[in-house]
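Let me begin by presenting the structure, written as structure tokens, before commenting on it.
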Amino acid sequence: MRLITKANQEPTELTVWRKTHPQGRYRNLDDSEQGKATRRAIRQAAIKEQYGLCAYCCKQINESNSNNEHLVSQRADSNRTLDFANIVASCTTPKRCNQERGSQELLLTPLMAECESELRFYLSGKVEGTTDRASKAIGILGLDTRAAREERKGLVDSLIYGAGMTPDELLPPDDELLNLLIPDLQQPDGAGRLAPFSPVLINIIRKLLAN
């Protein structure tokens, strides 16, 4: 996970829809043109503020391979289904993230700063929780399956090679070099997107530096 800072203002399309449907809920965003446009605007805004990364696994997403995800599930609190502060964009990867979670409660979310410190990633692709709530979130979201590990390792390795290094060169760490890598990984490209899984590599680097 990477900390998400939600926008202070919801998408205009959502504001308009709420005014014309004061008792409406997210499920009422039907297949009418207005309903579809509102769902699409919510997803576009969430993807933009997430710099093109899934709120949970940090793989790259776009409108076609993501959906609107309620941090507090619609079942748990029907009054927050149209609260943009409660909605993020999640990938639609089978058996991962929103597809795996369903309506299970998350005690650690991407809106909490601790999400960047309570998950510990490794160059092998493995992830583990440093707290009970983090370990539960990993299980609920399917973040440590074999498929997730392999995908994460492959793309993290590609980021390292793209920086002119090999994974072996991170161990033992060159503190000066690693400190130079972090700002590059935090910089969105011209389209406002971060490299897929870049927050994972930042997490790995920070753990190496701490040791």
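The values are calculated or read from the model by the stated rules, or taken from the named source; none is laboratory data. Keep in mind the model is a prediction, meaning the values are calculated, not measured. With ideal geometry, Cβ positions are generated from the backbone for all residues, glycine too; neighbour counts draw on all protein chains shown.
Observations, loosely collected:
- All of (1) in contact (Cβ under 8 Å) with a residue 40 or more places away in the chain; (2) over 16 Å from the mean Cα position of the chain (by Cα); (3) surrounded by 17 or more Cβ atoms within 10 Å (Cβ to Cβ) hold for residue 147 with one exception: (3).
- Candidate set: the range 183-200, residues that are over 14 Å from the mean Cα position of the chain (by Cα) and aliphatic (A, V, I, L, M); chosen: the one surrounded by the most Cβ atoms within 10 Å (Cβ to Cβ): 185
- Filter result for residue 160 (at pLDDT below 95, buried (at least 16 other Cβ atoms within 10 Å of the Cβ) and in contact with a strand residue (DSSP E or B) (Cβ under 7 Å, 6 or more places away or on another chain)): no
- Residue list for the range 47-82, filter: basic (Lys, Arg), surrounded by fewer than 19 Cβ atoms within 10 Å (Cβ to Cβ) and touching a residue at least 24 places away in the same chain (Cβ under 8 Å): 48, 75
- Scanning the range 46-67 for residues that are under 27 Å from residue 117 (Cβ atoms) and part of a helix (DSSP H, G or I) gives 46, 47, 48, 49.
- Remark: residue 7 falls outside the filter, which requires a residue to be touching a residue at least 12 places away in the same chain (Cβ under 8 Å), of a type in the set (A, V, I, L, M) and surrounded by 16 or more Cβ atoms within 10 Å (Cβ to Cβ).
- Among the candidates 20, 38, 93, residue that is buried (at least 20 other Cβ atoms within 10 Å of the Cβ), over 19 Å from the mean Cα position of the chain (by Cα) and not basic (Lys, Arg): 38
- Residues (more than 10 Å from residue 82 (Cβ to Cβ) and not hydrophobic (A, V, I, L, M, F, W, C)) located in the range 28-40: 30, 31, 32, 33, 34, 35, 36, 39, 40
- Test for residue 23: is it at negative phi, out of contact with any helix residue (DSSP H, G or I) (no Cβ under 6 Å at 6 or more places or on another chain), part of a loop (DSSP other than H, G, I, E, B) and of a type in the set (S, T, N, Q): yes
- Enumeration of residues in the range 68-114 that are hydrophobic (A, V, I, L, M, F, W, C) and touching a strand residue (DSSP E or B) at 6+ places or on another chain (Cβ under 9 Å): 71, 76, 87, 88, 89, 91, 97, 108, 111
- Restricting attention to the range 172-211, the residues that are at pLDDT below 90 and of a type in the set (A, V, I, L, M, F, W, C) add up to 7.
- Cross-chain or 6+ apart pairs with Cβ under 7 Å, the range 92-119 first and without any contact (Cβ under 8 Å) to a residue 24 or more places away in the chain, then not in a loop (DSSP other than H, G, I, E, B): 118/129; 118/134
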